[in-house]
Amino acid sequence: AGSIEYAFSLGYEYIFYSHHDIFNLTSDAFRQIQKLCNSNKLNSFGLVGFNIYHDKEINNWKSKTKRLMTTSHSFLQPGNGWYSSSPKSSVNYKKFPLNHAFSVEIPHWACCLINSGSYSRINHIPIEDFNLCLDDMAYDFLENNIHNICIPWISFAHQQSISVIFGRSYKSPLNKKNFHKLKKPILIGLINGVFQLRISIG
């Protein structure tokens with residue numbers, strides 16, 4: 001949260017938070033996200049997530065076929081704790097739209113958007129647990145009647161094996177030796193309608 005607040009203090013209207021093992025599957029994902037930010041249609045929402053093809057789900061990717069994969073972390077609902085394609089998930093995607101955003105408990109936090117307007121309306125006190133920090137923020141938004149949403153027509157891949165290729169642990173938050181590196185994520189922000197890249201101060 002310190003990095004987020006620092007970026008907003010620089011004048012960023014939106015922050016695109018991302019893990020290092022995320023890449024876009026929708027070819028013009030960032031162009032679409034920038035257009036949505038410029039339209040001001042996202043100002044009233046909390047965390048804004050996307051359709052995440054998580055690890056093995058990447059095998060299901062077909063650019064011409066829209067399918068919902070992992071769209072939400074869901075502590076408060078039955079199932080495996082996720083809205084996903086897993087048979088252990090309780091979600092029934094047949095009832096979900098593919099061309100309209102929908103409310104979720106917590107977007108998949110491998111990558112998500114945060115806007116300064118909604119963030120300023122919550123009294124967020126950050127926690128130190130990397131695994132739960134965005135879950136905690138999402139609940140702060142919900143507590144203040146601010147919906148978190150998923151934009152299902154924009155897809156990203158969360159491929160954790162990328163970490164292994166570059167000599168890191170499969171799940172970086174579990175690698176205590178390198179934990180200090182997680183405090184300096186790369187943030188993509190939107191200033192005056194243009195995405196910019198900045199290394200945050202952790």
Area of Trp109 that stays accessible when all protein chains are in place (1.4 Å probe, Å², to 10)
50 Å²
Can you compute the modelled spin-label distance between Lys88 and Ser27, with each label point 7 Å from Cα toward Cβ, in nm?
3.6 nm
Reduced Cα scattering model of the range 1-102, Debye log10 I(q)/I(0), q = 0.19 Å⁻¹
-1.19
So, with points 7 Å from each Cα along the Cβ direction, the Ser39-Asn80 label distance in nm works out to 3.2 nm
Convex hull (Cα only) mean projected area of the range 42-153, reported in nm² to one decimal:
7.3 nm²
Tensor-based shape of the range 49-96 (alpha-carbon gyration tensor, a/c under 1.5 rounded, otherwise prolate or oblate):
prolate
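The values are calculated or read from the model by the stated rules, or taken from the named source; none is laboratory data. Please read these numbers as outputs of a predicted model, since none were measured by experiment. Note that we place each Cβ from the backbone using ideal geometry, even for glycine, and neighbour counts take in every protein chain shown. Side chains are part of the model used for accessible areas, which takes the heavy atoms of the whole protein and leaves out ligands, DNA and RNA. Shrake-Rupley method; radii C 1.70, N 1.55, O 1.52, S 1.80 Å.
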